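This report concerns only the one structure given below.
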Amino acid sequence: MSRTRTALLAAMALVAGATGTAFAVDPGAAGVAAVPCTVDYKIQNQWSTGFTAAVTITNNSAAKSSWSLKWSYAGNQKVTSGWNAKLSQSGAAVTAANETYNAQLATGGSVSFGLQGSYSGSNAVPATFTLDGVTCNVDGGPGGPTDPPDPGGPSNRVDNPYSGAKVYVNPEWSANAAAEPGGSRIANQPTGVWLDRTAAINGVGGKMGLRAHLDEALRQKGSGELVVQLVIYNLPGRDCSALASNGELKPDEIGRYKTEYIDPIKAILADAKYASLRIVTTVEIDSLPNLVTNTGSRPTAVPQCDVMKANGNYVKGVGYALNKLGDVPNVYNYVDAGHHGWIGWDDNFGASATIMKEAATAEGATVNDVHGFITNTANYSALKENNFTINDNVAGKSVRESKWVDWNRYTDELSFAQAFRNQLVSIGFPSGTGMLIDTSRNGWGGTARPSGPGAQTSVDTYVDGGRYDRRIHLGNWCNQSGAGLGERPQAAPAAGIDAYVWMKPPGESDGSSKAIPNDEGKGFDRMCDPTYTGNPRNNNNMSGALPDAPVSGHWFSAQFRQLMQNAYPPLS
């Protein structure tokens, strides 16, 4: 699979013309600019023969019930596709007209769309835009008289931020790991930094805050490239189907999410001091798929998820985060995309991609604010099941008919991530979209790891005897007994995959085994109770959880030791 997003944006020829903001000037205003419209045209990604661009129109004149933006290219650029606008081209002249769903453009309102194009030679930003016949003239670009300087400079995002780069080792997690017997073998592995409540931004309970982590990252970086992995995780009404990871914000507190959580994070990330870091954000795990699988008349529906679907605050929150964080030139946003055991079924697969597109175009965001997606975050789905495939048949039945697979179209995380990437691209995400897979706890090694296929007595003996994933049910997610460390973090391990990562720090609990009072807003979920007999989301099976676990995010020594014991590839 070819990848089209490359690092060519860093070329100096592109830096000069990567972005422009257009303003219309009233010559009769005695030198004061009356600005009926602005157009922000940004080249997001560029490679040897093509590019993607994001365009945002702001209307400062009378409200519009429809709109049409026009411009002409100076070179041989050709628009090949677009999203959120109807694009047409005649010669060098391009017209972008509204779709039915974004035709209304209020006074002071904005609308965004994106495009992909081809070119050869130069690829300059268009010099002039007209909105319904009103001219919007280009100013000096970022740093010019009408734009504040961008502390990060023009975006020079690379195709894959993990390629050629070290990844930040969180010293707090590393110390916990090293303190365990044998833990020094993996204490130098990079893990995600979880910003799971507002207080985590500045540091709480003696833990490092965001600036402290970024300062340490600069120290670790030295003269090379370094990736810092952050988990953005504090939506209002967070984790509507899982009490163990409920957050601090109530379902209707979208305003607080924006102003008290996302805005301060953006302000820190945009500090020019950190412009040399590659900052990867995992945006709001376990949120958007809930709107598909756990709402409405489905047997898995949860009332709290219906609330979040109705108020739209998951979509708004993710869109706002993508928009704001995507403005920082060295930030790479990866949206959480569940895992194969959650959205791998036909009625979940396409619908989940669609809701992700909705979020990626909400609150001023565009698909170009999304660098990629991450699957299996903090979960246990096996990376690759080698002992059976989805196409196998045993005793006259398809593997899909087994109790374990249960008509899913995917048997493991790698095949799912690659297929879901293709689905996302097919609905308008950039063709260079990359995937991350969290392999922190999906190794499933040790003595229970099958060495070959199961007996062909039945489709169930065949699958159950051969599967690496030893969970009782795919829906089990809390502190799973028998799990092991998975593939070590590595860049570009497979087609379409930017990296295997340990976004969930191994040894940090998923939730407490019993109710434990805490000031972190984290509830008790019976799925973390080893005596729990289940619910429709795990087909009423036992939870498979380890006993004596602390609240989510706290160090769980017994789990960490088991993860090392069952690691695959094994630890040396």
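Before moving on, here are some points about what is shown:
- Reported count of residues in segment 282-334, each being surrounded by fewer than 24 Cβ atoms within 10 Å (Cβ to Cβ), in contact with a helix residue (DSSP H, G or I) (Cβ under 7 Å, 6 or more places away or on another chain), more than 17 Å from K258 (Cα to Cα) and among the β-branched types (V, I, T), is 3.
- Residues in segment 466-483 that are closer than 27 Å to D392 by Cα and among the small types (G, A, S) were compared, and the one that is surrounded by the most Cβ atoms within 10 Å (Cβ to Cβ) is A483.
- Those strands (runs of 3 or more DSSP E) of segment 61-140 in which 2 or more residues are open to solvent by 70 Å² or more (accessible area, probe 1.4 Å) occupy 78-83, 86-90.
- Annotation: K42 fulfils all but one of (1) open to solvent by 40 Å² or more (accessible area, probe 1.4 Å); (2) in contact with a Pro (Cβ under 7 Å, 6 or more places away or on another chain); (3) within 21 Å of N323 (Cβ to Cβ); the unmet one is (2).
- Residue satisfying all of: in segment 484-512; of a type in the set (A, V, I, L, M) and surrounded by fewer than 21 Cβ atoms within 10 Å (Cβ to Cβ); nearest to A448 (Cα to Cα) among these: A494
- For beta carbons closer than 8 Å, sequence separation of 6+ or different chains, a first residue in segment 513-537 that is open to solvent by 60 Å² or more (accessible area, probe 1.4 Å) and a second that is among the acidic types (D, E), the qualifying pairs are K514/D529.
- Unmet requirement for S440, which otherwise passes all of (1) modelled with pLDDT of 95 or more; (2) assigned to a loop (DSSP other than H, G, I, E, B); (3) within 30 Å of V158 (Cα to Cα); (4) open to solvent by 10 Å² or more (accessible area, probe 1.4 Å): (4)
- W407 surrounded by fewer than 16 Cβ atoms within 10 Å (Cβ to Cβ), more than 22 Å from the chain's Cα centre (by Cα), among the aromatic types (F, W, Y) and not in a helix (DSSP H, G or I): yes
- Pair list, Cβ under 9 Å, 6 or more apart: segment 200-212 residue under 18 Å from Y168 (Cα atoms) and in contact (Cβ under 8 Å) with a residue 40 or more places away in the chain, other residue among the hydroxyl-bearing types (S, T, Y) and surrounded by 15 or more Cβ atoms within 10 Å (Cβ to Cβ): I201/Y261; R211/Y274
- In segment 353-380, the residues that are in a helix (DSSP H, G or I), of a type in the set (S, T, N, Q) and surrounded by 24 or more Cβ atoms within 10 Å (Cβ to Cβ): N368
The values are calculated or read from the model by the stated rules, or taken from the named source; none is laboratory data. What you see is a predicted model; the values in this text were computed from it and never measured. Cβ: placed from backbone, ideal geometry, glycine included. Neighbour counts: every protein chain shown. Surface areas here come from the heavy atoms of the whole protein model, side chains and all, with no ligands, DNA or RNA. Shrake-Rupley method; radii C 1.70, N 1.55, O 1.52, S 1.80 Å.
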